[in-house]
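K.L.:
Quick one: structure below, then a few questions.
The values are calculated or read from the model by the stated rules, or taken from the named source; none is laboratory data. Here the structure is a predicted model, which is why all the values come from computation and not from measurement. Quick reminder, even Gly has a Cβ in these numbers, built from the backbone with ideal geometry, and neighbours come from all protein chains shown. Ligands, DNA and RNA are stripped out before the accessible areas are found, and what is left, the full protein with its side chains, is counted by its heavy atoms. Shrake-Rupley method; radii C 1.70, N 1.55, O 1.52, S 1.80 Å.
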Amino acid sequence: METAVGGRLSVSKTLSALNGVLTGKVGEGGRGSVWFKESSSRNLRSRDFLAPQAALRAVFGDGQVPDGIAENVLALKCPGLPSIQSCQKVPAGLTVQLDRPVVFAEILESIPLYARPPQIVPGHSIVLNCVPLHGCKGLKSLSLSHLRAILITDHLAGVLQAQGVDVYLVPALADEETQRFLHQLRIEWPAGLATSPKSEDILAMKDALRQCPHAVFSETDQEGVVCKLHLKEFLGRQQQKKESLEGYDLNLDVFLVTEEKLLHMAELQHAALQCAVSAPGRFYGIVHVASHEEAFQQQKVDLLWRLVAPQAPPAPQKHLVCGPVRVPAAASPVTILQYFQLRHSQMYEASVLKYGDLSQDEAWTETISVLTSAAIRFEMLSTAHRNQILLDLEAPGISTKGTKSGTFVMYNCARLATLFETYQREAEQGVYPDFPLPSELNYSSLREEGEWLLLFNSILPFQEVLNQVIQLPISSNTIGITAGTEAVCKFLIQLSMDFSSYYNRVHILGEPRPHLFSQMFARLQLMRAIREVFHSALKTLHLPPLNQI
């Protein structure tokens, strides 16, 4: 996705510039990236970027860095590149350390530039087709694997909308029970039949099928079947014409076209044409999000659309397939309603143990609802979408002490809210002075290693983490795509671990002594940035930040 770096410091721009210094000295055999960004607290004590000795040997043969390279690194000036303090040759390779007080100041004086999602050129659009919701006959028809696909679709929509893309969600959902359930999970799905195609669209598709040489109309006992479509013949002819359709299953053959599949296709066509009209020349295409068991059938719908739609799909169709969700210890299949109720009851019981019964408190009831949604989203989204998820329903994933859960993330976000509420209350009572302007703060006082860890691993690369979720336009040559739908959850979990470690170790609101205020305000400004990153990331998951837990 094309984004404008503008005046923002960028990890990718920095790596590109550093690689450019070395590749300018490279022989014909030099390829690939030589440098990488450090992330561990141990390595960040002495360096921020490293070109390992093994990579230098691949570039320079003997591994000896030519004279002048370090000076060239120090002299680098280009957009997105932070100020460099040192470049040294050490046994591990070639290292770069940034001028940290300068980098702290540049980022913390411009927090919105780093904490808000990157914006692409406005006016672009995409259709996200959530396959499990087509023909949905209520909650009982949806499995845990289906729920995973729905949550992934919702997260993709959140990320793309935050980046300025117009997202059209398909299908419109008529079942009220399913709508209410999704609302409990903070999923606002389009309801009713407002976006549904007209009956003449279906008739036009049937007419097109009658003209299709690969369609066979005959009497059948199967209710709702319109015709039989021979897809293998179609794919074979496309190959003869050298019109490559890569990625389709080789076993695709006979497809029984039903009224329901035509409705599915017509609704897609309707949304795609709306996109094409509203954003001419700026329509990215259609992404079908399907569970593993639906992927084969969705390829058939894809080919049906190519064959007989009154107008061909105005943009590429891509398929994002989600792996299965299994509960190994369950004696019988667990429904999505049972799963939700179990996680909600676990959250409620944990709250009662800690705080007593607050069931009559509406605010606390809302908090339990948000925490339940967070727990489920992180369970379903923290694993790469192609991989299988094995759920342990009795695992203590709802504890604020467990570092891998959505509850832990929400707990640390709430700790930040409490921190700033405490400061505000104390400032109003005259304990602390008013907050200075960001440009007046002394960022050289940020010397604790956890402070640089938070800035360098969380605030600086946040926008690039969002870009990992899905790249537009989609450049895959095959129908299948892979998205980094786990990136935001993993990022938030690591951020929560780093923040929690720092918060437990460092007393941010110090004693009200004038000589301590300089460092206190610099730390609070860093916490402001962390809070904004938390909020922006949670928004892509449609989770509201909590003020207390």
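K.L.:
Out of the residues in the stretch 272-282 meeting the condition of being part of a helix (DSSP H, G or I) and open to solvent by 10 Å² or more (accessible area, probe 1.4 Å), tell me which one is farthest from GLY224 (Cα to Cα). Spell out the reasoning first.
P.N.:
Applying the first criterion (part of a helix (DSSP H, G or I)) to the stretch 272-282 yields 272-278.
Next, from what is left, pick out any that are open to solvent by 10 Å² or more (accessible area, probe 1.4 Å): 273-274, 276-278.
Details: LEU273: 26, GLN274: 28, ALA276: 31, VAL277: 32, SER278: 34 Å.
It comes out as SER278.
K.L.:
A follow-up question, please. Here's a check for you: in the stretch 152-182, which residue that is within 17 Å of GLN341 (Cα to Cα) and touching a residue at least 40 places away in the same chain (Cβ under 8 Å) is surrounded by the fewest Cβ atoms within 10 Å (Cβ to Cβ)?
P.N.:
Applying the filter and picking the extreme gives PHE181.
K.L.:
Only one of GLU223, GLU219, GLU233, GLU267 is open to solvent by 20 Å² or more (accessible area, probe 1.4 Å) and in a helix (DSSP H, G or I); which?
P.N.:
Being open to solvent by 20 Å² or more (accessible area, probe 1.4 Å) and in a helix (DSSP H, G or I) holds for just one of GLU223, GLU219, GLU233, GLU267, which is GLU233.
K.L.:
Right, another one. Within the stretch 300-329, how many residues are in a loop (DSSP other than H, G, I, E, B), under 15 Å from LEU147 (Cβ atoms) and not β-branched (Val, Ile, Thr)?
P.N.:
Residues flagged as in a loop (DSSP other than H, G, I, E, B), under 15 Å from LEU147 (Cβ atoms) and not β-branched (Val, Ile, Thr) within the stretch 300-329 amount to 2.
K.L.:
Let me ask something else about it. Just the residues that are open to solvent by less than 10 Å² (accessible area, probe 1.4 Å) and out of contact with any strand residue (DSSP E or B) (no Cβ under 8 Å at 6 or more places or on another chain), please, taken from the stretch 124-141.
P.N.:
The answer is GLY138, and nothing else.
K.L.:
Here are the criteria: (1) crowded, with 21+ Cβ neighbours inside 10 Å; (2) of a type in the set (A, V, I, L, M); (3) over 18 Å from ALA272 (Cβ atoms). Tell me which single one ALA191 does not satisfy.
P.N.:
(1) is the only condition that ALA191 fails.
K.L.:
Within the stretch 334-449, considering only helices (runs of 4 or more DSSP H) that don't extend past its boundaries, which have at least 2 residues that are open to solvent by 10 Å² or more (accessible area, probe 1.4 Å) and of a type in the set (Val, Ile, Thr)?
P.N.:
362-381, 406-428
K.L.:
Taking the stretch 24-47, which residues are at pLDDT below 85 and open to solvent by less than 70 Å² (accessible area, probe 1.4 Å)?
P.N.:
Answer for the stretch 24-47, where residues must be at pLDDT below 85 and open to solvent by less than 70 Å² (accessible area, probe 1.4 Å): GLY24, VAL26, GLY27, GLY29, GLY30, GLY32.
K.L.:
A further question on this structure: Please verify whether THR485 is under 30 Å from LEU303 (Cβ atoms) and under 13 Å from the mean Cα position of the chain (by Cα), treating the condition exactly as stated.
P.N.:
Considered against the rule, which asks whether it is under 30 Å from LEU303 (Cβ atoms) and under 13 Å from the mean Cα position of the chain (by Cα), THR485 comes out as yes.
K.L.:
Which of the following residues is open to solvent by less than 20 Å² (accessible area, probe 1.4 Å), of a type outside the set (Gly, Ala, Ser) and over 17 Å from GLU448 (Cβ atoms): PHE521, PHE534?
P.N.:
PHE534
K.L.:
How many residues does the stretch 122-144 hold that are within 25 Å of GLU259 (Cα to Cα) and either small (Gly, Ala, Ser) or not in a helix (DSSP H, G or I) (or both)?
P.N.:
Within the stretch 122-144, residues that are within 25 Å of GLU259 (Cα to Cα) and either small (Gly, Ala, Ser) or not in a helix (DSSP H, G or I) (or both) number 12.
K.L.:
Further question: Exactly one condition in (1) loosely packed, with under 14 Cβ neighbours inside 10 Å; (2) under 21 Å from GLU260 (Cβ atoms) is not met by ASP302; state its number.
P.N.:
The single condition ASP302 does not satisfy is (1).
K.L.:
Looking at the stretch 62-121 only, could you name the residues that are outside any loop (DSSP other than H, G, I, E, B), open to solvent by 70 Å² or more (accessible area, probe 1.4 Å) and of a type in the set (A, V, I, L, M, F, W, C)?
P.N.:
LEU74, LEU113 - these are the residues of the stretch 62-121 that are outside any loop (DSSP other than H, G, I, E, B), open to solvent by 70 Å² or more (accessible area, probe 1.4 Å) and of a type in the set (A, V, I, L, M, F, W, C).
K.L.:
If we scan the stretch 495-514, do we find a residue that is farther than 14 Å from MET410 by Cα, in contact with a Ser or Thr (Cβ under 6 Å, 6 or more places away or on another chain) and surrounded by fewer than 19 Cβ atoms within 10 Å (Cβ to Cβ)?
P.N.:
no
K.L.:
Residue under question is LEU50, and the condition is that it be in contact with a Gly (Cβ under 9 Å, 6 or more places away or on another chain), buried (at least 18 other Cβ atoms within 10 Å of the Cβ), free of Cβ contacts under 8 Å to residues at least 60 places away in the same chain and under 30 Å from ALA537 (Cβ atoms); does it hold?
P.N.:
Values: in contact with a Gly (Cβ under 9 Å, 6 or more places away or on another chain): yes; buried (at least 18 other Cβ atoms within 10 Å of the Cβ): yes; free of Cβ contacts under 8 Å to residues at least 60 places away in the same chain: yes; under 30 Å from ALA537 (Cβ atoms): yes.
For LEU50, the condition - in contact with a Gly (Cβ under 9 Å, 6 or more places away or on another chain), buried (at least 18 other Cβ atoms within 10 Å of the Cβ), free of Cβ contacts under 8 Å to residues at least 60 places away in the same chain and under 30 Å from ALA537 (Cβ atoms) - is met.
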